[in-house]
1. From the list 648, 711, 730, 681, exactly one residue is away from the ligand (no atom under 16 Å from the Cβ) and touching a strand residue (DSSP E or B) at 6+ places or on another chain (Cβ under 9 Å). Which is it?
2. Six or more apart or on different chains, Cβ atoms under 6 Å: show the pairs whose first residue is in segment 294-305 and within 10 Å of residue 379 (Cβ to Cβ) and whose second is assigned to a strand (DSSP E or B) and of a type outside the set (A, V, I, L, M, F, W, C).
3. Please verify whether residue 153 is over 30 Å from residue 416 (Cα atoms), within 33 Å of the chain's Cα centre (by Cα) and surrounded by fewer than 16 Cβ atoms within 10 Å (Cβ to Cβ), treating the condition exactly as stated.
4. Give the residues of segment 660-677 that are crowded, with 24+ Cβ neighbours inside 10 Å and either away from the ligand (no atom under 16 Å from the Cβ) or under 17 Å from residue 780 (Cα atoms) (or both), sorted by residue number.
5. Is segment 760-774 home to any residue that is aromatic (Phe, Trp, Tyr) and assigned to a loop (DSSP other than H, G, I, E, B)?
6. Scanning for something closer than 30 Å to residue 738 by Cα, surrounded by fewer than 19 Cβ atoms within 10 Å (Cβ to Cβ), among the acidic types (Asp, Glu) and touching an Asp or Glu at 6+ places or on another chain (Cβ under 6 Å), does segment 65-76 turn up at least one residue?
7. From 29, 94, 80, 39, which residue is on the phi < 0 side of the Ramachandran plot and loosely packed, with under 14 Cβ neighbours inside 10 Å?
8. Sort out which residues of segment 219-246 are assigned to a strand (DSSP E or B) and either within 16 Å of the ligand (Cβ to nearest atom) or buried (at least 21 other Cβ atoms within 10 Å of the Cβ) (or both), and write them in order of number.
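FYI, it's all coordinate maths here, none of it is from the lab. Because the structure is a prediction, the values reported are computed rather than measured. Here the Cβ is made from the backbone with ideal geometry for all residues, glycine too, and neighbour counts use every protein chain on show.
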Amino acid sequence: MTATASNETRYVGQALRRKEDPRMITGRGRYIDDIALPGMAFVAIVRSTEAHAKIRSIDVSGAANRADVVGVFTGEDLAGDFAAPMAMAWSPPGVEIKNPKYWPLARGEVKHVGDPVVAVVGEDRYSVLDAAEQVVVDYEPMPVVLDPEKALEEGSPLVWEEFGTNKSHQWEISGGDVDAALAEADVVVEQRLVNHRTAGGAIEPRGVVADPHGMKMTLYTSTQIPHIARFILSTLTGIPEDRLRVVAPDVGGGFGAKLQVYPEEALALVLAKRLKRPVKWIETRSENMTTSHHGRDQINYVTLGAKRDGTVTACRARIIADLGGYQLLLTPFIPELGFPVMGGCYKIPAIDLVFEGVFTNKMSTDAIRGAGRPEATYWIELTMDKLAAELGMDPLELRRKNFIGKEEFPYTTALGITYDSGDYHGTLDKLLQRFDLDAFRREQAQLRERGVYRGVGVSTWVEVCGLAPSRAVGPQGVGLQAAFWESSMVRVHPSGSATVFTGTSPHGQGHDTGFAQIAADRLGLDPEQVEVIHGDTDQGPWGWGTYGSRSLAVGGEAVARAAEKVQDKAKQICAALLEAAPEDIELTDGKFQVRGSPDKFKTMGEIAAAAHLPPHELPVHIEPGLQETAVYDPENFVFPFGAHACVVDVDAETGKVRVIRYVAVDDCGPAINPMLIEGQVHGGVTHAIGQALYEQVVYDSVGQLVTGTFVDYAMPTAAELSSFETDRTVTPSPVNSLGVKGVGEAGTIAATPAVTAAVLDALAPLGVKWVDMPLTPKRVWEAIQSAKGGVPA
Ligand code: MCN
């Protein structure tokens, strides 16, 4: 930040409509499949039909002999085209992570249904699918293991025989003496929680177009991380980075599943290089469900210890994470990403965490919205509820007793993580202002007399996001080793309008609008005069992309800093034009004016004209032009938080759960755009209600995917949901100058425990103590029957 920057808030804080929407909703978006290039060929992938098998032989003749087929390629055919196997990017100090070689096309063995085996390239996008069906792969099936706990047992079938175990790694972290604290605790509760496998389910599936032209190759790909993709794909394919341009055009949602570098991206590059023509591959919906990475899939064993008065003294968790068949980019790291907030909003003096990553014959897991933090919040919140029940204490009173107080921030947890700022009582107070719990309890009691089972669940959540400050991670940190700064370049054109380049890569979050608001205030412009460019490695400086609710707290701060540098220079130019001292120029009402003389001012348009066509008054030390770059590496993560309440009705006859009210109070610091925040919370909560009640990736006993379409994988629609009530408190973060924290994952992190707790509350009179998600009618009905002593759960 520059010393002289003055930051008006003419536009920051306004609920402006999204600039990008008119284009999107009038069919003017440009997604991967909208790209058509002359001479473009189409790729279809033959995928494994077996969950685990040796490839005995592959007969490609049926496809290769077709007139409309350009080429058919097996893993062996392309062995010389790849300089390295697919990348995995986590190597914590002192921990060995087993990382089997993962090639874009299988070589010799397949590890899950959908594993890519053969690439068929044809002239026509539809007939190439027919050609792929003519490839005959002879598999020798091998034993399959699908359950991560069984996979850890002695004698289990091995996904990777070469390792002699299915355990990929074990990572541990602790602070305080948990054994002693548990031994001295008055009350100890234990719970096993299953956080099942889910999919990203973006509207636009993945897709790539690789376009070789001259000395260069352009890869259009539906990704959240164009710059990272270029770097990694360059190492995989040997195409030098400067010759490889990666473009993320409009991206129709990612939800974490496009925070990945996938085999198809590498394949498209080598095929285009070999064939010397553009190639396109578009994922079908069932391919998307089968081979875009999945998320969650953890089993958590949690123990909490407390004094009789409710003071929590110890927390221990064993986290068993199902990684699937291969390590993708962040596969082994994602469960651990939740660890900084595994103590929740609470002052827990002793915490002990053990993470075990396990290979199974399923698609790999990796980041799905929230990535490790929804799982952490799910288990800490529900185990707190269980502890409250054990103590005979109100669950909210238990929370309040253990909350980190507002005045205690920055607060360093037992695990050495420093929470930046917070007001946990504040969000809970506001929630209870909007949601009259006493009135609800009265209504609930009356309804129960009529056989209506209504329940409420409350989740008080905290998140770690703003990934990731290099100072807070790495060797001295706690092994996360993921340090990502962010960049921005701000260019004011001679006419006074501006272009902002950001290294983030939105795919639905609204950066075009929010970042324009930040820049507009600092440049004395209207957001309509500010264009935001992202997602193209040939434009603007390097950036790390969009995930981990980092874009505003890291990328938005970089935009602010670059714009403030421009503002600084604009003030110098203005001072020269008005014959005033630069320190006397202030930005007021969008005008650069001399302090105390409001009629002596210049607009950004006038200043920009002078910057590009320098008049003689400009001192020589001021370089022509008006463009600045900033790179921002934060000092710490940011820790948004909130309190959510969910009300459900459960039909005790059928087990069907209906969400009838949802109230979310969140705190992500000062709003850049409250409408964007609200949209993110709505989407996030929907995502979590989907997981809690409906969505699950299911494999059958031999590893065939059962949920390959949106008919079987039940995503909620508006018809299943209630309206959401949202509210906010504002606790600025001291970490960045905007005071902002992330909100893109907030709802997803907060809501699964609230929904589950609501169902358990509703069913308490029936004696139901636990139901694992997804809380489908069948599961809920079985839990009711089991509590009645009838049908087993
Ligand atoms: N914002 C704001 N004021 C604040 C905080 C945030 O106005 N105080 C705005 C930001 O300007 C931005 C939006 O809220 O427009 C989200 O910002 P941030 O929390 O920084 O999150 P990211 O932009 O980094 O988004 C990532 C996050 C993740 S990790 C997933 S997954 C996700 C998500 O956001 N996937 C999404 N939201 C999604 N929304 C859509 N439509 N589609 C997806 O795939």
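1. 648
2. If the second residue must be assigned to a strand (DSSP E or B) and of a type outside the set (A, V, I, L, M, F, W, C), the pairs left are 298/195; 301/192; 301/318; 302/191.
3. Working: over 30 Å from residue 416 (Cα atoms): yes; within 33 Å of the chain's Cα centre (by Cα): yes; surrounded by fewer than 16 Cβ atoms within 10 Å (Cβ to Cβ): yes.
Yes, satisfied.
4. 662, the sole residue that qualifies.
5. Of all residues in segment 760-774, those aromatic (Phe, Trp, Tyr) come to 770.
Those still in the list that are assigned to a loop (DSSP other than H, G, I, E, B) too: 770.
Yes: segment 760-774 contains one or more residues that are aromatic (Phe, Trp, Tyr) and assigned to a loop (DSSP other than H, G, I, E, B).
6. From segment 65-76, those closer than 30 Å to residue 738 by Cα are none; that's our starting set.
No, because not a single residue in segment 65-76 is closer than 30 Å to residue 738 by Cα, surrounded by fewer than 19 Cβ atoms within 10 Å (Cβ to Cβ), among the acidic types (Asp, Glu) and touching an Asp or Glu at 6+ places or on another chain (Cβ under 6 Å).
7. Values: 29 fails: loosely packed, with under 14 Cβ neighbours inside 10 Å; 94 fails: on the phi < 0 side of the Ramachandran plot; 39 fails: on the phi < 0 side of the Ramachandran plot.
So the residue among 29, 94, 80, 39 that is on the phi < 0 side of the Ramachandran plot and loosely packed, with under 14 Cβ neighbours inside 10 Å is 80.
8. First, the residues of segment 219-246 that are assigned to a strand (DSSP E or B): 219-221, 244-246.
The answer is 219, 220, 221, 244, 246.
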